[in-house]
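J.: Please find one structure pasted underneath; my questions will follow.
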Amino acid sequence: MHNLRKRQFLKWTLAAGAVATLAACGGGDDDITAPPALKSIVGVAQSDPQFSILVEAVVAAGLVDTLSSPGPFTVFAPTNNAFAALLGELGITKDALLANKPLLTAVLTYHVLPAKVLESGVPVGKAITTVQGGVFKIETAGGLKITDGRNRVSNITATDIAASNGVIHVIDKVILPADKNIVATAQGISDFSILVEAVVAAGLVDTLSGPGPFTVFAPTNAAFAALLGELGVSKDALLANKPLLTAVLTYHVVPGRVLKADVPVGAAITTVQGETFTIDSALMVNDQRGRKAGIVATDVFTSNGVIHVIDKVILPAA
């Protein structure tokens, strides 16, 4: 009898302890506190002091509702320091920038992608099209870096900040869409002065200033000088021979925007002139006359395409 009472006492003690434990935990599953809901992209930015100027800009541009909508979006978010540097670069005040709604809208929407792109899904080296319509690229050498439409570089300093309608990546420089076409870009580079003369002489300025997009393999002044020696002609004679000049120049132009990462190595690439050339894995261009030109710089962005710099003028079939 004594043992029976002892066993019953133990059962009651264990049962009481279980009830007390459940009570301390707040009862059943219905009472478990749910994790806090994610904020929208705008809400995340508003809660982080380093984005206060970005939030002011989004408000001034009238983009709050857009960036609070379901999306999804990817936003490359400049910090306050990034905006301060931009003001110095442009030589304007914050109030002047916030008052210029067309410029502000273009700049802000250039930081937005119409999809959720995590760090692991970044298309490295590819042209990335923004909500604004312009493109930039992201590369991984020395850390994640953006090259914008004006060939300025911004570092991505933090990634994959979650929001209810997308994701935020933090950048240390405000990126800007391209503001110069292929011709204007070439005019601003002293080593392309003969190329610019040739484009003018061939009457191709309007074409290469058009919407495109185009990819131009742009020979340097040294490349043109070498060509003159190879052909045994003067620069004036070359510029005066419009049919030859037009054929040579359009052989350097490929329809479409082809970045280095998208070059079809070993495949025939059809030019605006109509004939083809190939590019090998060493980034050497092989023309129709069996001549080779080295690509010495790649992915110079313009508003209507991209420029790759070559060290030799390439030629179509004789």
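J.: Give me Rg over Rh for the range 89-214, both radii from the alpha carbons and Rh done the Kirkwood way, two decimal places.
T.: Working: Rg = 17.3 Å, Rh = 16.7 Å.
Answer for the range 89-214: 1.03.
J.: Can you list the lysines whose alpha carbon sits under 16 Å from that of residue 94, skipping same-chain ones fewer than 8 residues off?
T.: 173
J.: Would you list, by chain and number, the aspartates and glutamates whose Cα falls below 16 Å from the Cα of residue 312, excluding same-chain residues fewer than 8 positions away?
T.: 191, 230, 280, 287
J.: What list of ³J(HN,Hα) values in whole Hz, one per residue of the range 66-76 in order, does the Karplus curve 6.51 cos²θ - 1.76 cosθ + 1.60 (θ = phi - 60°) give from phi, with Gly and Pro shown as x?
T.: 4, 7, 9, 6, x, x, x, 10, 10, 10, 8
J.: Please give the calculated 222 nm ellipticity per residue for the chain, where each DSSP H segment of at least 4 residues contributes -39500 (n - 2.57) and the sum is spread over every residue; nearest 500 deg cm²/dmol?
T.: Numbers: 13 runs with 114 residues, N = 318.
After summing the helix terms and dividing by residue count, I get -10000 deg cm²/dmol.
J.: In whole percent, what relative contact order does the range 182-310 give with Cα contacts below 8 Å and a gap of six or more residues?
T.: Working: 209 pairs, mean separation 35.7, N = 129.
The value is 28 percent.
J.: Could you give each residue of the range 99-114 its phi-based ³J(HN,Hα) in whole Hz, using Karplus coefficients 6.51, -1.76, 1.60 with θ = phi - 60°, and x for Gly or Pro?
T.: The phi angles translate into 7, 8, 4, x, 5, 4, 5, 4, 5, 5, 5, 6, 8, 10, 9, x Hz.
J.: Set Lys and Arg Cβ to +1 and Asp and Glu Cβ to -1, take the dipole of the range 167-266 about its Cα centre, and tell me which of 228, 264, 181 lies farthest positive.
T.: It is 264.
J.: For residue 237 and residue 141, what is the calculated FRET efficiency with R₀ set at 41 Å and r taken between the beta-carbons, to the nearest 0.05? Present the calculation step by step, with values, prior to reporting the outcome.
T.: Numbers: r = 44 Å, r/R0 = 1.06.
About 0.40, to the nearest 0.05.
J.: Would you mind ranking 242, 180 so that the residue whose beta carbon has the fewest other beta carbons within 10 Å leads the list? Walk me through the intermediate numbers first.
T.: Values: 242 11, 180 18.
Fewest to most other Cβ atoms nearby, the residues stand as 242, 180.
J.: Take the alpha carbon atoms of the range 130-200, find their center, do the same for the range 37-103, and report the distance between the two centers in whole angstrom.
T.: Taking the Cα centre of the range 37-103 as reference, the centre of the range 130-200 is 18 Å away.
J.: Compute the FRET efficiency between residue 116 and residue 65 as 1/(1 + (r/R0)^6), taking r as their Cβ-Cβ distance and R0 = 22 Å, and round to the nearest 0.05. Display every interim value, and only then the final one.
T.: On the way: r = 19 Å, r/R0 = 0.86.
The formula returns an efficiency of 0.70 here.
J.: From the alpha carbon gyration tensor of the chain, can you work out the equivalent ellipsoid semi-axes (sqrt of 5 times each eigenvalue) and give them in Å, largest to smallest? Walk me through the numbers on the way to the answer.
T.: On the way: eigenvalues 733, 124, 39 Å².
Working through the eigenvalues yields semi-axes of 61, 25, 14 Å.
J.: Once the Cβ-Cβ distance between residue 153 and residue 318 is put in as r, and R0 is 45 Å, what FRET efficiency do you end up with, to the nearest 0.05? Mind dumping the intermediate values first?
T.: Working: r = 42 Å, r/R0 = 0.93.
So, using R0 = 45 Å, E works out to roughly 0.60.
J.: Extension gain residue 267-residue 281, at 0.36 nm per residue separation less the Cα-Cα distance, in nm? List each step's numbers first, then the result.
T.: Numbers: separation 14, 0.36 × 14 = 5.04 nm, distance 1.09 nm.
Here the answer is 4.0 nm.
Where a number appears in this text, it was derived from the coordinates with a stated rule and is not lab data. Quantities reported herein were computed from a predicted structural model and do not represent experimental measurements. Please note: Cβ atoms are built from the backbone with ideal geometry, for glycine as well, and neighbour counts cover all protein chains shown.
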